[in-house]
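Nothing in this text is a laboratory measurement; each read-out follows from the coordinates by a stated rule. Bear in mind that the values here come from a model prediction, so they are computed numbers and not experimental data. Positions of Cβ are backbone-derived with ideal geometry, glycine not excepted, and every protein chain shown enters the neighbour counts.
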Amino acid sequence: MFRIANLLPLCFILLLLPTSCRKDEADEICQPTPAVVNAEEQPVSGTQWEVVVEDPNSFTRSLAVFNDQLIMSYSRPDVGTNTYTYSAHYDGVSVTTHPSFPLTTLTFRSFERFRVLNGSLFGMGAFYPNANSNAGVGVLRYNPEDNTWTDFVSRPGMNTLVYDMAFLNGIPVIATNEAPFVLQQVGGQWVQMGSGFDARIQALQMINGELFAAGHFQRSGSTTVNHIARWNGSDWEALDEGLNGAVYDLALYEGKLVAGGTFNRAGTLICHSVAVWNGSSWSALGDGIPDGAVFTLKTYANELLVGGRFQTLGGINTSNVGRWNGTSWRGIAFGLNTKVEDLEVYQGKLYAAHGSARPVQDLYMLAP
């Protein structure tokens, strides 16, 4: 049964943290907007998690705040019809599903990630057209006027996932799950970027004007990079000795690059699941997360929020969600009993997406 929790939002002003930029025309050059701390942001607080969306036929993997709404992936076949609902939004009171796509036109997997780039919301994933078409779509752009999505990245033969997208000097860069795993658009064509990688990328992130890639790869051409790399203008280069395990997300925190994943070393440093790069060396955040994985990172009100699959955080017992306050790790309402694939703060409240069809609780809210 589909259930919407009737919840009253807090009256905090939400600051959208820009992550990159996009270009609308071939000659437009965009630069990333630096993050700004809103003086009215307060650390998220609450004592319990409440279910906002509960639907046995859907799952919510990705979240984003856009146009004063919480946008969520909402992967659900529409029972009795040949259509599929793939997104919805929450306004603090109720959830509204977005128009469905006919399955004869679009075979949908799910949104892997949302990005708000230069005033537009983009969704990455795998959006396959019907068998009569030879072009696939990997990135969609959201139209807030009617809650629909339009093609943004498509190319003949594209039948693969797009995990993430960024804009470098106005040029779109996409991460896919097919070799060479990273492509850039040049002259209207999608071409390999530098030496590419030997396995897929999970996250692309612009940090202080530089492009970083992170994921499951270990090499770029003949260069060993170990799961994270920086674009130097002509090719990909290592960050010291890199990390010894997969990276699932990147974020900017206190002016530094933060990586979250399944590693326990950064270079030669013991560093459990969360590592910080200051431009020349790695450092740890306390004892980190030694027993699990970090899937998502979110910065808000001078804190680093983390979600994933774990049972301890910085030596304290808490499940799957927590925070770093600048000096130490803290749990959030004793954690959640399910893995967390995405976090977002909307109207001052923290939301967590579970990311799979079981259990049926898809979206949680941190409540007083």
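In this structure, the amide hydrogen of F59, modeled 1.01 Å from its nitrogen in the peptide plane, lies closer than 5 angstrom to those of S75, counting only residues at least 5 positions away or on a different chain. Applying 1/(1 + (r/R0)^6) with r as the Cβ-Cβ distance of Q189 and F334 and R0 = 56 angstrom yields a FRET efficiency of 0.60. In terms of the mean number of neighbouring beta-carbon atoms within 10 Å, the peptides 313-324, 230-241 order highest first as 313-324, 230-241. Each Cα pair of the range 165-269 feeds into the Kirkwood radius, which the Stokes-Einstein equation turns, at 37 °C and 0.692 mPa s, into a diffusion coefficient of 242 µm²/s.
Here, the range 236-368 is characterised by an Rg to Rh ratio of 0.96, where Rg is the alpha-carbon radius of gyration and Rh the Kirkwood radius.
Peptide packing: for 170-176, 283-289, 348-354, the average count of neighbouring Cβ atoms within 10 Å per residue gives the ranking 348-354, 170-176, 283-289, highest mean first.
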